[in-house]
Amino acid sequence: MLQKFGNSLIPKNQGQTNGKQYEVIAVTSGKGGVGKSTVSVNMAINLQQMNRKVLLMDADIHLGNIDLMLGTRSRLTLADVLKDGVELSDVVVQGPGNIDILPASSASLDIIESEDTFLRKLASAFNRFEHDYDYIIMDTGAGIARNVISFLLSAQKIVLVITPDPASITDAYAVIKVVCSVNKDIPIFLTANMVNSADEGEILYKKMNLMVQKFLDSKIQFGGSLLRDDLIIRSVKQQKPFVLHHPNSGSTTAIRVLNRRVLHTSGVEGQHANLFERMLQNKKIQFEWEK
Ligand SMILES: Nc1ncnc2c1ncn2[C@@H]1O[C@H](COP(=O)(O)OP(=O)(O)OP(=O)(O)O)[C@@H](O)[C@H]1O
Ligand SMILES: [Mg+2]
């Protein structure tokens, strides 16, 4: 489908900070409000429970809401990295379950307007980022806006959240189509949220995978089913992530299954540009519909 840039120019995705390699897992969706932040937060905490060092990044640059979901309060945000003397490590806040959180910017308009400058500065700050992480979980915005897709193409693995809502399914297919048009090697894990049974989730996955095989000549993986669960609604309201407060719930098991599937699959291999450098490179890709 794509592309102006040959495959050789597509940045590969292995990240490295201070000599240690880390893996970036982007959590995304076609439609908003389907459970991306719920899945990101609980995946991140569960990975930390497995003794991995985890950074949860609110990558919804304009509308991030991880702070709200966890009741964490950040003095600084990503946007403050534009100021002299502010490092990314100053922006990080400690979240529940010992995860580190990089809050999104409640950026002012002029910062958003000069977004590339912002991202370049983040890229250089990221090189000096002192923490060593095993995993960076990115909670992205929904849809196929250039920013979102650039983040997805910069990740080693993508978790794509859908619900049985037909709009969520159609919009998720659009995300897969765009990602596959640039790079078919990034594993995409379809996670069915708010389903009534595990079977319902698996059927959604199978239907989507058939479409992807037939029309995109690619395939996706099944991340599993997260059932519609009042416990999740309460957990979000009380700002108490369920993997911490309800370790024996079915929802926690579903997150463990998702993490196991994601961890046991190899991500995209590559060289060592950092996450924001890759994102900047990916922003230059010209998509077919833009030609
Ligand atoms: N499995 C579930 N069962 C019941 N409610 C759920 C489930 N998953 C998420 N929710 C509810 O759906 C709401 C939206 O979830 P969440 O904020 O995680 O979605 P999102 O995709 O991050 O939204 P946005 O696009 O606005 O960032 C939450 O308030 C939560 O209570
Ligand atoms: Mg969200």
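Which ones in the stretch 46-69 are hydrophobic (A, V, I, L, M, F, W, C) and within 21 Å of PHE129 (Cβ to Cβ)? Steps first, answer last, please.
If we filter the stretch 46-69 for residues that are hydrophobic (A, V, I, L, M, F, W, C), which is where we start, we get 47, 50, 54-57, 59, 61, 63, 66, 68-69.
Result: LEU47, VAL54, LEU55, LEU56, MET57, ALA59, ILE61, ILE66.
So which residues in the stretch 245-272 are within 14 Å of ALA44 (Cα to Cα), away from ligand 1 (no atom under 16 Å from the Cβ) and among the hydrophobic types (A, V, I, L, M, F, W, C)?
VAL262, LEU263 - these are the residues of the stretch 245-272 that are within 14 Å of ALA44 (Cα to Cα), away from ligand 1 (no atom under 16 Å from the Cβ) and among the hydrophobic types (A, V, I, L, M, F, W, C).
Among the residues of the stretch 205-237, what is the count of those that are in contact with a helix residue (DSSP H, G or I) (Cβ under 8 Å, 6 or more places away or on another chain) and within 14 Å of ligand 1 (Cβ to nearest atom)?
The total comes to 10.
Do the conditions hold for ILE158, that is, is it of a type in the set (Val, Ile, Thr) and within 16 Å of ligand 1 (Cβ to nearest atom)? Working first, answer last.
Numbers: of a type in the set (Val, Ile, Thr): yes; within 16 Å of ligand 1 (Cβ to nearest atom): yes.
Taking the combined requirement at face value, the residue satisfies it.
Mind checking which residues of the stretch 15-36 are crowded, with 22+ Cβ neighbours inside 10 Å, at pLDDT below 95 and among the small types (Gly, Ala, Ser)?
Matches in the stretch 15-36: GLY15 only.
Could you list, in sequence order, the residues of the stretch 70-91 that are farther than 22 Å from SER37 by Cβ and not in a helix (DSSP H, G or I)?
LYS83, ASP84, GLY85, VAL86, GLU87
Across the stretch 52-64, which residue is modelled with the highest pLDDT among those that are assigned to a loop (DSSP other than H, G, I, E, B) and within 13 Å of ligand 2 (Cβ to nearest atom)?
Within the stretch 52-64, the first condition is being assigned to a loop (DSSP other than H, G, I, E, B), and the residues that meet it are 52-53, 59-64.
Next, only the ones that are within 13 Å of ligand 2 (Cβ to nearest atom) stay: 59-64.
On the way: ALA59: 85, ASP60: 79, ILE61: 68, HIS62: 67, LEU63: 69, GLY64: 71.
The residue in question is ALA59.
Can you pull out the residues in the stretch 19-51 that are within 16 Å of ligand 2 (Cβ to nearest atom) and of a type in the set (Ser, Thr, Tyr)?
Residues of the stretch 19-51 within 16 Å of ligand 2 (Cβ to nearest atom): 25-45.
If the condition is that a residue be within 16 Å of ligand 2 (Cβ to nearest atom) and of a type in the set (Ser, Thr, Tyr), then THR28, SER29, SER37, THR38, SER40 are the ones that fit.
Residue-by-condition table, conditions (1) within 16 Å of ligand 2 (Cβ to nearest atom); (2) more than 19 Å from ASN46 (Cβ to Cβ); (3) modelled with pLDDT under 90:
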| position | (1), (2), (3) |
| --- | --- |
| VAL92 | no, yes, no |
| SER106 | yes, yes, yes |
| ASP110 | no, yes, yes |
| LEU119 | no, yes, yes |
| ALA125 | no, yes, yes |
| ILE144 | no, yes, no |
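Being without any contact (Cβ under 8 Å) to a residue 40 or more places away in the chain and either of a type in the set (Phe, Trp, Tyr) or touching a Ser or Thr at 6+ places or on another chain (Cβ under 8 Å) (or both) is the filter here, so list the residues in the stretch 200-231 that pass it.
Matches in the stretch 200-231: GLU200, GLY201, GLU202, TYR205, VAL212, PHE215, PHE222, GLY224, SER225, LEU227, ASP229, LEU231.
Out of the residues in the stretch 49-59 that are touching a residue at least 24 places away in the same chain (Cβ under 8 Å) and surrounded by fewer than 23 Cβ atoms within 10 Å (Cβ to Cβ), state the one that is farthest from ligand 1 (Cβ to nearest atom). Step through it out loud before you land on a result.
The first filter runs over the stretch 49-59 and keeps only residues touching a residue at least 24 places away in the same chain (Cβ under 8 Å), leaving 49-50, 52-59.
Imposing the further condition that a residue be surrounded by fewer than 23 Cβ atoms within 10 Å (Cβ to Cβ) reduces the set to 49-50, 52-53.
Working: GLN49: 20, MET50: 22, ARG52: 22, LYS53: 23 Å.
The selected residue is LYS53.
Pull up the stretch 94-104, narrow it to residues that are crowded, with 19+ Cβ neighbours inside 10 Å and more than 16 Å from ASN42 (Cβ to Cβ), then point me to the one that is modelled with the lowest pLDDT.
Across the stretch 94-104, the extreme among qualifying residues is ALA104.
How many residues does the stretch 117-145 hold that are crowded, with 23+ Cβ neighbours inside 10 Å and not in a loop (DSSP other than H, G, I, E, B)?
Total meeting the criteria: 6.
THR72 - would you say it is within 13 Å of ligand 2 (Cβ to nearest atom), hydroxyl-bearing (Ser, Thr, Tyr) and at pLDDT 85 or above? First the steps, then the outcome.
Numbers: within 13 Å of ligand 2 (Cβ to nearest atom): no; hydroxyl-bearing (Ser, Thr, Tyr): yes; at pLDDT 85 or above: yes.
It is false that THR72 is within 13 Å of ligand 2 (Cβ to nearest atom), hydroxyl-bearing (Ser, Thr, Tyr) and at pLDDT 85 or above.
For LYS12, work out the one condition from (1) modelled with pLDDT of 80 or more; (2) of a type outside the set (S, T, N, Q); (3) under 22 Å from MET279 (Cβ atoms) it doesn't fulfil.
So the condition that LYS12 fails would be (1).
The values are calculated or read from the model by the stated rules, or taken from the named source; none is laboratory data. As the structure is a computational prediction, the values presented were derived from the model and not from experiment. Counting neighbours? That spans all protein chains shown, and the Cβs are built from the backbone with ideal geometry, glycine included.
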